[in-house]
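Only one structure is covered here, and it is reproduced in the block below.
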Amino acid sequence: MYTVAVKRDFVAQHFLTGGDWGPENEKHSHHYQVEVQLKGERLDEHGYLADIVDIEANLEDLVVYYRDRTLNELPEFAGLNPSIEHFARILWEGLASRIKAPTVSSMQVKIWEAEIAWAAYQKVL
């Protein structure tokens with residue numbers, strides 16, 4: 001199995017809802033790091049699993065959208081606690097609709113909200 005990954009970082013804000021998580025219930029910033037991993041069994045005619053430039057551009061478009069915004073205020077988080085688990089799935093969905101590589105069979109999005117805390121969402125394409 002081949003894997004290609006691209007990583008970006010950005011700052012965004014959120015506040016947790018639906019429970020008593022102390023300071024996490026107040027609006028605060030995180031320096032997020034997001035990594036997208038594409039996996040597949042075969043390479044294309046150029047020896048690539050996927051075009052890294054295309055992955056970078058699509059990931060950057062999403063990062064620009066979320067940078068310096070409050071997640072709770074965005075429509076994709078309506079009715080959701082803006083956890084990193086939900087955020088990983090939302091980013092996955094945004095990337096899955098953009099990245100077109102016939103050799104890719106699955107994709108994982110991993111997002112860190114702290115140096116020691118991350119969540120991931122992975123699904124077969």
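Every number in this text was worked out from the coordinates using simple rules, so none of it is lab data. Predicted model, so just to flag it, every value in this text is computed and none were measured. Please note: Cβ atoms are built from the backbone with ideal geometry, for glycine as well, and neighbour counts cover all protein chains shown.
Here are some notes:
- Couplings for segment 40-45, taken from phi via the Karplus curve 6.51 cos²θ - 1.76 cosθ + 1.60 with θ = phi - 60°, read x, 7, 9, 9, 7, 5 Hz in order; Gly and Pro are left as x.
- The Rg/Rh ratio for the chain, using Cα coordinates for both the radius of gyration and the Kirkwood hydrodynamic radius, is 1.01.
- Derived scalar couplings ³J(HN,Hα) [segment 110-116; Karplus, 6.51 cos²θ - 1.76 cosθ + 1.60; whole Hz; x for Gly, Pro]: 10, 10, 9, 10, 7, 4, 10
- Placing +1 on the Cβ of every Lys and Arg and -1 on the Cβ of every Asp and Glu, with no other charges, gives segment 1-89 a dipole of roughly 160 debye about its Cα centre.
- Point-to-point label distance, M1-E41, nm (Cα→Cβ direction, 7 Å offset): 1.2
- Close amide-amide hydrogen proximity is noted between L49 and D44, each under 5 Å apart and 5 or more residues distant or on a separate chain (H modeled in the peptide plane; Pro and chain starts excluded).
- Calculated mean residue ellipticity at 222 nm for the chain: -7000 deg cm²/dmol, from DSSP H runs with n ≥ 4 weighted as -39500 (n - 2.57), summed, divided by the residue count and rounded to 500.
- Relative to the longest principal axis of the Cα atoms of the chain, the long axis of helix 52-66 lies at roughly 10 degrees.
- 3J(HN,Hα) along segment 12-22, derived from phi through the Karplus expression 6.51 cos²θ - 1.76 cosθ + 1.60 where θ = phi - 60°, amounts to 8, 10, 6, 9, 7, 10, x, x, 9, 10, x Hz, with x in place of Gly and Pro.
- Amide H within-cut-off set for A12, under 5 Å, with H built and near neighbours excluded: H30, Y32, D68
- In loop segments of segment 19-67 as defined by DSSP, the GluC sites (Glu not before Pro) with at most 15 further C-beta atoms inside 10 Å of their C-beta are E26, E41, E45.
- Each of G19, Y48, I116 was placed along the dipole of segment 10-125 (beta-carbon charges, centred on the mean Cα), and the one lying farthest toward the positive end is Y48.
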